[in-house]
Protein chains: 2
Amino acid sequence: MGIPDIAPAGGVAAARVVPRVVIEHVSPEVDGGLFAIKRVPGETVVVEADIFADGHDVIAAALDYRREDAGEWTTTAMMPLGNDRWRGEFVVDSPGRYRYTLRGWVDDFATWARDLRLRVEAEQDVTVDLGIGAGLVRAAARRAHGNEAAALARDAAVLERGGDAAIRRALSEDLAALVARHPDRERASRYARDLVVQVDRARARFGAWYELFPRSCAPEPGRHGTFADVEARLPYIASMGFDVLYLPPIHPIARRFRKGRNNSETAGPDDPGSPWAIGGPEGGHTAVHPQLGTLADFERLVGAARRHGLEVALDLAFQCSPDHPYVREHPEWFRRRPDGTIQYAENPPKKYQDIYPFDFDTADWRALWEELRRVVRFWIGRGVHIFRVDNPHTKPFAFWEWLIGTTQREHPDVVFLAEAFTRPKVMYRLAKLGFTQSYTYFTWRNTRAELEAYFAELTQTPVREYFRPNLFVNTPDILHAYLQDGGRPAFIARVVLAATLGANYGIYGPAFELCERRPIAPGSEEYLDSEKYQLRHWDLDRRDSLRDVIARLNGIRRAHPALASDWTLRFHGIDNPELICYSKTGPDGDVVLVVVNLDPHHVQRGWTALDLGALGLPPDAPYAAHDLLGGGRFGWRGPRNYVELNPAGLPAHVLHLRPGEAP
Amino acid sequence: MGIPDIAPAGGVAAARVVPRVVIEHVSPEVDGGLFAIKRVPGETVVVEADIFADGHDVIAAALDYRREDAGEWTTTAMMPLGNDRWRGEFVVDSPGRYRYTLRGWVDDFATWARDLRLRVEAEQDVTVDLGIGAGLVRAAARRAHGNEAAALARDAAVLERGGDAAIRRALSEDLAALVARHPDRERASRYARDLVVQVDRARARFGAWYELFPRSCAPEPGRHGTFADVEARLPYIASMGFDVLYLPPIHPIARRFRKGRNNSETAGPDDPGSPWAIGGPEGGHTAVHPQLGTLADFERLVGAARRHGLEVALDLAFQCSPDHPYVREHPEWFRRRPDGTIQYAENPPKKYQDIYPFDFDTADWRALWEELRRVVRFWIGRGVHIFRVDNPHTKPFAFWEWLIGTTQREHPDVVFLAEAFTRPKVMYRLAKLGFTQSYTYFTWRNTRAELEAYFAELTQTPVREYFRPNLFVNTPDILHAYLQDGGRPAFIARVVLAATLGANYGIYGPAFELCERRPIAPGSEEYLDSEKYQLRHWDLDRRDSLRDVIARLNGIRRAHPALASDWTLRFHGIDNPELICYSKTGPDGDVVLVVVNLDPHHVQRGWTALDLGALGLPPDAPYAAHDLLGGGRFGWRGPRNYVELNPAGLPAHVLHLRPGEAP
């Protein structure tokens, strides 16, 4: 007779034994296991779950994990936290994908031993019980091998003989451990899903980005910059302590519909056009704009950058100008209008006739997708392992999931940064499906309440399992009113916030360090004389440059492991809403406390209300607060300390807290 | 060329078109769709989800539902709530199982029409655009049939011709609605799972239970009560307004190891034994204890009860006494000890030698499970459609899931109440896997803070989707210290709380209405002279009986639909912690507000702080508060009103709020 009629959701198998243990509410788990959590090597994956069985038997649980490309699972014991919650953990040690899952089983021997102890304490005759225990130990012996099997068989005989010696052995921790090494796996419940960890290299979690237009790097005004000019600029960038040098598209630029200065409809003869209007007679996404140099020049730049501790990141902008070779070679990859023309990009009523979007719905989509992957592979072959992806939210989710998934399977060290400024759920989806890092709403979060709410969401909710923020203070498209109005103090405040709130952050320079803040029109976030449409010549040696402040900030970031992760971020009270106060804590007791004056126009003062527990500080003992940014040394005590920040000087403290030290 | 290498989690199909719409975070959904949500006929299932696509196209979404035993899906449109959240709903109308799922698709026509409007407003030439629109309408025509296909074809021609007439038609709501009726389903994303609604009959959501020992129903002291005696008791029970009459096990009782009065080890010759020690020479779970009468007598009782508006519920206690026929006929269904004896129940060091638990792990488990289902079917055949299940948490989860699932497939009106007083996650699991109702921790929640926290969890969190509380004020096993100490005022307070906090509640009588409160020992929750082990004779006509109070409460429950559901429960402020204040609202503006004095010893006074919005009351207008329990009529106004409750009288108000009325 079979068990007929229905397959209950919980899963009655046709097995000899129906597993009794339930495993549910596993954490971390993104969307029921559909997507991976993200980690970097050395990080711990702490896994919790509700694990329980019917009745009152003792249960045991294990956390199993393995690299996806390895056959063998490693098993680690889970520990009960109370209320049927269990916890286990493992460390991931190299980039790639790991899997983890859970098992739980009724532990007959532990149940028996627990009950035996109660019976012995109640002075009951346990002769028959010892016989039952002997059977359990014999069963463990059958599951064991070699010495342990023999030892278990001897123990079974001891129990069988009964008496005090049997009781002592039965209740020994020794025997418990020996039997526990040979559980009855046949009766274990296994969690229904394997969950995935995407382990990215360390740079995915921690890095300072510098964006720059190579075209503006010529030392003399008016000349189009080259890769060689960028090479000459490397010491300057490296001296500020950046890790990643991100270049806007370096490909040939359209002739037709080329935009002029300040996004004017028609370009003058010397206007270079927007680098995002990709493709010209010289080639497309795998070609280099001739005015920048050759592919060999680019490869030399990549190597030189590496010697300066900088990694070059490229822009992946999957769209074409009307002059792109694809338009001629693969007209089927574009949408055609009834009049026979190719559909250009639009945001009605605005028309972008210099941009042809790909038709990802084309019947030939497989070839299109493969070609775009070939582009990525091409640049990986030239030493580029970081890509900043332009507007990923306007291409299908499934495309990115496939592109990133297959690329990282071949090259686990490749990083993809999503430049999607769109609705929150779309941004989170892109992060879930594979983007290593993501641009954020940071530029538009300027008040204390906005910053606290947003960073609580990013760093203290399950969002952090898959969404790694990269906080840009500005971009070629975003010059926020706060910077326009606040000037230099606002620029400093924002870069301190970015560099300390975010383990990953970036600036678009030299516009940023030179406090460029003229908008194209009042109320606009677009730059006047934007490098998107023209060459600019920057005076890097201006006395008001933020170069030194930024160099100090990046130096602090490298010296203080507390700033290399986002998860320990905690906000603290401070009794002035123009001031914001937060901390990060790192290994070896590293504690960095930041206070920023968000008002670029006035001195602001306040008293902190520090959460001393979160800072690892005793309730009432003095401690030193060394300002790593400004050099001040303060003697603080307890939660309440006075802060005064003048935007005319440095509008922020970045304090290293040193318990037990005098200032 | 295929898309190789990897099957992304989000699901790139090998389809012609990769669906672009994402559907996630669906609510309600229990454990990723593993379990059903619960409803009763007439209730609405409100479904929400995050639904979005890449880019900026207009999308549409549908909620599909059907009875599990019907082939056809019914489709209903979902509406956007903002921030990519969508909502749809449907009403379930009969017991059984329903399925629901969601679809979303990019709406090309709506996208086009939106953009056309913007172009027209910007006074652009839209000739080519109208051609594109004509193509979309033609495509819709091909998906339509008959008149609508013809109409769409005519519309396509109108658009094709261009001009103002084409623009007017293109932007008409008419055409939008017509095209929307024929969406391109090929490109729709369908949610990965079908979700399930278990629709139980109305009694599952709302009912007052009365538990009674038939053995104690004889009108004269000392005689063993019979089913006929219970029949004679029906008018009394019905007069109190109960809906369900629940009987402890009615089967033959063990001889061997029979317990005596007050759970003594040895029974006297006249001691009847515990009805949970099921099975004797006369039979087992499908037999009737001879002293109660015959199976025919039982069936007559069931019919008589029905005529009194009462439904008889039986106890399912799946365990055996040593004298149960199964022990002889199916020794393989029990665990054997090394000395050859059968393993009795234990809670070490306590031994329950009168009870043999089934070995659900037996090699012959299929036969055991089938036999237990036969027991359920047997009693269903005798008119029993409600079962109170004894200690379900000590049997495998998979067994219950199978038993309840297959039983309800045949008999959708059968109700199972889980008597599991155990850890929260185990109780919730039993509810998820199928139990219609569940006992709760209510008896142990006596302070205002305890009650507010517990009922917020039960009625305002996703728990409510699957866990239907049935609030017993006492059981033969639970006489809480609050009742022991508080006496009659405590009994009234607790029954008011149970009857108004819970759409389902129950009492174990006549012990309850007669305020029986003597424990077997100080500090114990066991009754002295418990009916579990002896006959009792109750004087139902005692002047201090709560019979009238309970009758009034049940009358109020029947008259006020607000009390027929738990989901509208809201707690209100009141400035005395000994008072608790809450409301329920029902259809047609029915509002019941309850205030209970939780201190059985002293008068308590306080001022309410009512959430007028939740009550549907205007901020500053008078309203009448009629005390349905005590008869008082108060003129109230605004959130702040005075309440004084004397436990010597009635320790509670059950107020019907009537806006705009004078008291």
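Every number here is computed from the coordinates shown, using simple stated rules; none is lab data. Since this is a predicted model, take the numbers as computed values, not measurements. Note that we place each Cβ from the backbone using ideal geometry, even for glycine, and neighbour counts take in every protein chain shown.
Report D for the protein assembly as shown in µm² per second (integer): Stokes-Einstein, Kirkwood Rh on Cα pairs, 4 °C, 1.567 mPa s.
36 µm²/s
Could you state the orientation-averaged shadow area of the convex hull built on the Cα atoms of the range B:366-439, in nm² to one decimal?
4.5 nm²
Within 10 Å of each candidate Cβ there may be at most 16 other Cβ atoms; applying that plus a DSSP loop requirement, which GluC sites (Glu not before Pro) in the range B:458-551 survive?
Details: sites: B:E465, B:E513, B:E516, B:E525, B:E526, B:E531; in loops: B:E513, B:E516, B:E525, B:E526, B:E531.
Listed in order of number, the matching sites are B:E526.
What does the average come to when, for each residue of peptide A:34-46, you count the partner chain Cβ atoms lying within 10 Å of its Cβ?
Shielding by partners across A:34-46 averages 1.
List A:K425, A:K432 from most exposed to least, where exposure is judged by having the fewest other Cβ atoms within 10 Å.
By the 10 Å Cβ count, ascending: A:K425, A:K432.
Give the whole-number value, in cubic angstrom per residue, of the convex hull volume spanned by the C-alpha atoms of chain A.
218 Å³
Under the rule of at least 5 residues apart or a separate chain, name every residue whose amide H is placed under 5 Å from the amide H of A:R637.
A:Y623
Give me the Å³ per residue figure for the convex hull around the C-alpha atoms of the range B:103-227.
Each residue corresponds to 210 Å³ of Cα convex hull volume.
Go through the range A:507-598 and name the trypsin sites (Lys or Arg not before Pro) that are in a DSSP coil and have 10 or fewer other Cβ atoms within 10 Å of their Cβ.
Answer in residue order: A:R543.
By how many degrees, 0 to 90 and rounded to 10, does the Cα axis of helix A:448-460 deviate from the longest principal axis of chain A?
Approximately 50 degrees, to the nearest ten.
When ranked by the protection proxy of mean other Cβ atoms within 10 Å per residue, highest first, what sequence do the peptides A:191-199, A:390-398, B:355-363, A:362-370 form?
A:390-398, A:191-199, B:355-363, A:362-370
Antiparallel DSSP bridges in the protein assembly as shown: what percent, to the nearest 5?
That works out to approximately 75 percent antiparallel.
When only C-alpha pairs under 8 Å and at least 6 residues apart count, what is the relative contact order of the range A:220-329, in percent?
It comes to 37 percent, rounded to a whole number.
Can you compute the radius of gyration and Dmax for the range A:186-333, using only the Cα atoms, both in Å?
20.3, 78
What list do you get for A:F298, A:F206 if you sort them by fewest beta carbons within 10 Å? Each step should come with its number before you reach the end.
On the way: A:F298 24, A:F206 20.
Sorted ascending by nearby Cβ count, the order is A:F206, A:F298.
Given a cut-off of under 8 Å on Cα pairs at least six residues apart, what relative contact order in percent is computed for chain B?
Computed over chain B, the figure is 10 percent.
Could you tell me how many degrees, from 0 to 90 and to the nearest 10, lie between the Cα long axis of helix B:424-433 and the main elongation axis, the longest principal axis, of the Cα atoms of chain B?
Compared with the principal axis, the helix lies near 60 degrees.
What is the order of A:I278, B:I167, fewest Cβ neighbours within 10 Å to most?
On the way: A:I278 29, B:I167 19.
Starting with the residue having the fewest Cβ neighbours, the order is B:I167, A:I278.
So in chain A, what percent of DSSP beta bridges are antiparallel if you round to the nearest 5?
Within chain A, antiparallel bridges account for around 75 percent of the total.
Would you work out the relative contact order for the range A:564-658, in percent, from Cα pairs under 8 angstrom that are 6 or more residues apart?
Working: 218 pairs, mean separation 28.4, N = 95.
Contact order relative to length: 30 percent.
Take every residue in peptide A:53-60, count the Cβ atoms of other chains within 10 Å of its Cβ, and give the average of those counts.
Partner-chain Cβ atoms within 10 Å, mean over residues of A:53-60: 5.
Take the residue pairs B:K259/B:K350; A:K38/A:K432; B:K395/B:K425; A:K432/B:K432; A:K259/A:K532; B:K38/B:K432 and return only those whose Cα atoms are more than 19 Å apart. Walk me through the numbers before you get to the answer.
Details: B:K259/B:K350 14 Å; A:K38/A:K432 9 Å; B:K395/B:K425 15 Å; A:K432/B:K432 29 Å; A:K259/A:K532 9 Å; B:K38/B:K432 9 Å.
Among B:K259/B:K350; A:K38/A:K432; B:K395/B:K425; A:K432/B:K432; A:K259/A:K532; B:K38/B:K432, the Cα-Cα distance tops 19 Å for A:K432/B:K432.
Helix A:481-501 versus the longest principal axis of chain A: what angle, 0 to 90°, nearest 10, using Cα atoms?
Once rounded, the angle reads 30 degrees.
So which chymotrypsin sites (Phe, Trp or Tyr not before Pro) in the range A:489-547 are both in a DSSP loop and have at most 10 other Cβ atoms within 10 Å of their Cβ?
none
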